[in-house]
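The next block holds one structure in the form of structure tokens; read it before the comments.
The values are calculated or read from the model by the stated rules, or taken from the named source; none is laboratory data. On a predicted model such as this, the values are computed, not experimentally measured, just so you know. Here the Cβ positions follow ideal geometry from the backbone for every residue, glycine too, while neighbour counts run over all protein chains shown. Accessible surface areas use protein heavy atoms only, side chains included; no ligands, DNA or RNA. Shrake-Rupley method; radii C 1.70, N 1.55, O 1.52, S 1.80 Å.
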Amino acid sequence: MPVIRFGTRGSALALWQTRHVMALLEAAHPDIHTEHLIIQTKGDQVLDTPLPLVGGKGVFTAELESALHEGRIDCAVHSLKDLPTTLPDGLTIAALPPRASAADVLISRAGYTMGSLPHAARIGTSSTRRAAQLLYARPDLHIVNIRGNVDTRLQKALAGDGDYDAILLAHAGLERLGRLDVVTQVLSIDAMLPAPGQGAIAVQTRSDPALAALFAPLHHRETALAVTAERAFLAGLGGGCSVPVAAYATVSGDALHVRGRVNAPDGTAQIDVGQTAIYADERTAYAVGHGLAQTALSQGAAALVEPSP
């Protein structure tokens, strides 16, 4: 029986996502067997430093990509929002299974919502995107860095003597881990535009026709169209995980709806752009997202993405 080796980070969420894809692959190909190898990334090892200072692009993916290049694994499963928009030579995204919710959620031990958070409340997040959008809506809030896996962050958020009045996390991760019971509020897309690719899982492999054929049954076209446009918006701005850039796309019939948002890191400015276009394929979706980035740049986004010294 052929064996396909998966690489994964060791967190509960990463393992859930990897096992989910393994089950999908075995269902599509009953004649194969899957196994997984846990690989620690720099983002998993350095937990006392804000993410933008840890290493930027690839902080959760570089070690997995090295294992792919070396042939130690056949594929790696990533949260797509963690995967840089430019992939290393010889690697590709072989499949994007159906996307889960792209929304962000608020978690507060006191039951606060965005509307009831007290003045100068302390909000935990390691995301510059979330922080900038929060500060744009509520300049009085204090953003406090929080790192660690989902369970660690929940423990910090819900501790009676904790440092946080609330924290923000991705809805999809909590849903996958069966922890929606802790959610105080699901934030609307308007209030908190998500990270490009949020809620989607990416299966990364070497650029090999045999691997492409193997994973083809797992690929979901509508998810691919949407996240391709979102990642093209990010790429068009030249941004990475440390830049306050958000994007969200949906497919309706033959129409692709794309929204993009760029914030000043301190929340003092926000640029919103949007476009609806008829799509044909992922190439068209990429062109729509990239074109929307040019619109944002024409409205002053460059100064927000790369502030002057």
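The residue among 201, 277, 245 whose Cα reaches farthest toward the positive pole of the charge dipole of the range 184-290, with charges on the beta-carbon of Lys, Arg, Asp and Glu, is 201. Per-residue SASA remark: residue 222, around 100 Å² accessible (1.4 Å probe; ligands, DNA and RNA not included). Each residue was assigned an accessible area with a 1.4 Å probe, and for residue 257 the value is about 60 Å². Against the empirical curve 2.2 N^0.38 Å, the C-alpha radius of gyration of the chain lands at a ratio of 0.98. Here's the picture: charge each Lys and Arg Cβ at +1 and each Asp and Glu Cβ at -1 in the chain, and of 10, 134, 293 the one pushed furthest to the positive end of that dipole is 134. Based on DSSP H segments of at least four residues, each scored -39500 (n - 2.57), the chain has a per-residue ellipticity at 222 nm of -10000 deg cm²/dmol. In terms of accessible area, using a 1.4 Å probe and ignoring ligands and nucleic acids, 254, 104 rank largest first as 254, 104.
Contact order for the chain, expressed relative to its length and based on alpha carbon pairs under 8 Å spaced 6+ residues apart, stands at 20 percent.
In order along the range 107-120, the Karplus-derived 3J(HN,Hα) couplings, from 6.51 cos²θ - 1.76 cosθ + 1.60 at θ = phi - 60°, round to 10, 9, 5, 8, x, 5, 10, 4, x, 10, 4, x, 4, 6 Hz, and Gly and Pro are given as x. Surface calculation, 1.4 Å probe, protein heavy atoms: residue 125 sits at approximately 10 Å² accessible. Rounded to whole numbers, the Karplus 3J(HN,Hα) couplings from phi for the range 28-39 are 6, 9, x, 8, 10, 10, 10, 8, 10, 10, 7, 10 Hz, using 6.51 cos²θ - 1.76 cosθ + 1.60 with θ = phi - 60°, and x at Gly and Pro.
Counting Lys and Arg as +1 and Asp and Glu as -1, what is the net charge of the other residues whose Cβ lies under 15 Å from the Cβ of residue 125? Summing Lys/Arg as +1 and Asp/Glu as -1 gives +4.
Residues whose amide H comes within less than 5 Å of that of residue 36, counting only those at least five positions distant or on another chain, are 6 (H built at 1.01 Å from N in the peptide plane). Listed values for the range 206-214 are Karplus-derived 3J(HN,Hα) couplings in whole Hz (6.51 cos²θ - 1.76 cosθ + 1.60, θ = phi - 60°), namely 5, 6, 9, x, 5, 5, 4, 5, 5, and x replaces Gly and Pro. What is the sum of charges around residue 146, taking Lys and Arg as +1, Asp and Glu as -1, for the other residues whose C-beta is under 9 Å from the C-beta of residue 146? Net of charged neighbours comes to +2. Amide H contacts of residue 185: 106, each under 5 Å away and 5 or more positions distant or on a separate chain (H built 1.01 Å from N in the peptide plane; Pro and chain starts excluded). The angle separating the long axis of helix 221-237 from the principal Cα axis of greatest extent in the chain is about 60 degrees. Expressed as a whole percent, the proportion of Cα-Cα pairs in the range 115-241 lying more than 27 Å apart is 31%.
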